[in-house]
1. Looking only at region 39-52, count how many residues are surrounded by 14 or more Cβ atoms within 10 Å (Cβ to Cβ) and either of a type in the set (Phe, Trp, Tyr) or over 20 Å from Val114 (Cα atoms) (or both).
2. Which one of Val60, Val43 is out of contact with any Leu (no Cβ under 6 Å at 6 or more places or on another chain) and closer than 25 Å to Ser132 by Cβ?
3. Taking the condition touching a helix residue (DSSP H, G or I) at 6+ places or on another chain (Cβ under 8 Å), part of a loop (DSSP other than H, G, I, E, B) and either more than 16 Å from the ligand (Cβ to nearest atom) or modelled with pLDDT of 95 or more (or both), does Leu27 pass?
4. Could you grab the pairs with beta carbons closer than 8 Å, sequence gap of 6+ or different chains, first residue in region 69-80 and more than 11 Å from the ligand (Cβ to nearest atom), second one small (Gly, Ala, Ser)?
5. Only one of these is charged (D, E, K, R), away from the ligand (no atom under 16 Å from the Cβ) and within 21 Å of Tyr20 (Cβ to Cβ): Lys154, Lys93, Lys113, Lys123. Name it.
6. Can you work out which of the residues in region 120-157 that are in a loop (DSSP other than H, G, I, E, B) and of a type in the set (D, E, K, R) is farthest from the chain's Cα centre (by Cα)?
7. Looking for whichever is under 20 Å from Tyr80 (Cβ atoms) and surrounded by 15 or more Cβ atoms within 10 Å (Cβ to Cβ) here; the options are Ala146, Ala118. Which one fits?
8. Assess whether Leu65 counts as being away from the ligand (no atom under 14 Å from the Cβ), modelled with pLDDT of 95 or more and exposed (fewer than 15 other Cβ atoms within 10 Å of the Cβ).
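The values are calculated or read from the model by the stated rules, or taken from the named source; none is laboratory data. Please read all numbers here as calculations on a predicted model, not as lab measurements. Counting neighbours? That spans all protein chains shown, and the Cβs are built from the backbone with ideal geometry, glycine included.
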Amino acid sequence: MKTVISQSGIKLELEAAAEYYFDEFFLKHITDETLLTFGDKYVLFELPAMRKPPQVEEAVFELTLKGYKPILAHPERYAYYQEPGFESLEKLKSMGVLFQLNVLSLVGFYSPKVQKFAHQLIKNSWIDWAGSDMHNQRYFEAFTEAIQTSQYQKLCESGNLLNNTLTA
Ligand SMILES: [Fe+2]
């Protein structure tokens, strides 16, 4: 894939790693230090949508202890973090977890509640990365729309994004 892209002259840097789902396999990879990373030992992981696993903080502690830099995928999409507001996410933030917004959330692609929480996270300068799902044409159209929103512009101009060349 990398070769195809460079031969076609498209200016795009491609790295393949993983978005780890928080399960026993992920925990085992942490213990064994066999996680796929990108950049400077960044590890992208996601949590279950409806129920927060009790070992999240412990796993994050373990990750950072081993020199990994954990990134939580789409923090705006977890029901249990939306409810009490920022409090419960704050714990992860204080432990050094970076947050990756799914930009599709900005156009209400998932739900109005997710969209609202995404706006709040941007407002509080809590977003460090921007990413997206891209499963089919519908995602592409929403993505095109999302990167034109004022919220996305605000995020790009904030200087907080670690991958600020995503749509440059
Ligand atoms: Fe995900």
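1. 3
2. Working: Val43 fails: out of contact with any Leu (no Cβ under 6 Å at 6 or more places or on another chain).
Residue meeting the stated conditions: Val60.
3. It is false that Leu27 is touching a helix residue (DSSP H, G or I) at 6+ places or on another chain (Cβ under 8 Å), part of a loop (DSSP other than H, G, I, E, B) and either more than 16 Å from the ligand (Cβ to nearest atom) or modelled with pLDDT of 95 or more (or both).
4. From region 69-80, the pairs are Lys69/Gly96; Pro70/Gly96; Glu76/Ser105; Glu76/Ala118; Ala79/Ala49; Tyr80/Ser88.
5. Details: Lys154 fails: within 21 Å of Tyr20 (Cβ to Cβ); Lys113 fails: within 21 Å of Tyr20 (Cβ to Cβ); Lys123 fails: within 21 Å of Tyr20 (Cβ to Cβ).
Just one listed residue meets the conditions, Lys93.
6. Looking only at region 120-157, we keep the residues that are in a loop (DSSP other than H, G, I, E, B), and these are 124-128, 132-136, 147-149.
Narrowing the set further to residues that are of a type in the set (D, E, K, R) leaves 128, 133.
Details: Asp128: 8, Asp133: 10 Å.
By that ranking, first place goes to Asp133.
7. On the way: Ala146 fails: under 20 Å from Tyr80 (Cβ atoms).
Unique residue meeting the criteria: Ala118.
8. Numbers: away from the ligand (no atom under 14 Å from the Cβ): yes; modelled with pLDDT of 95 or more: yes; exposed (fewer than 15 other Cβ atoms within 10 Å of the Cβ): yes.
Yes: the conditions hold for Leu65.
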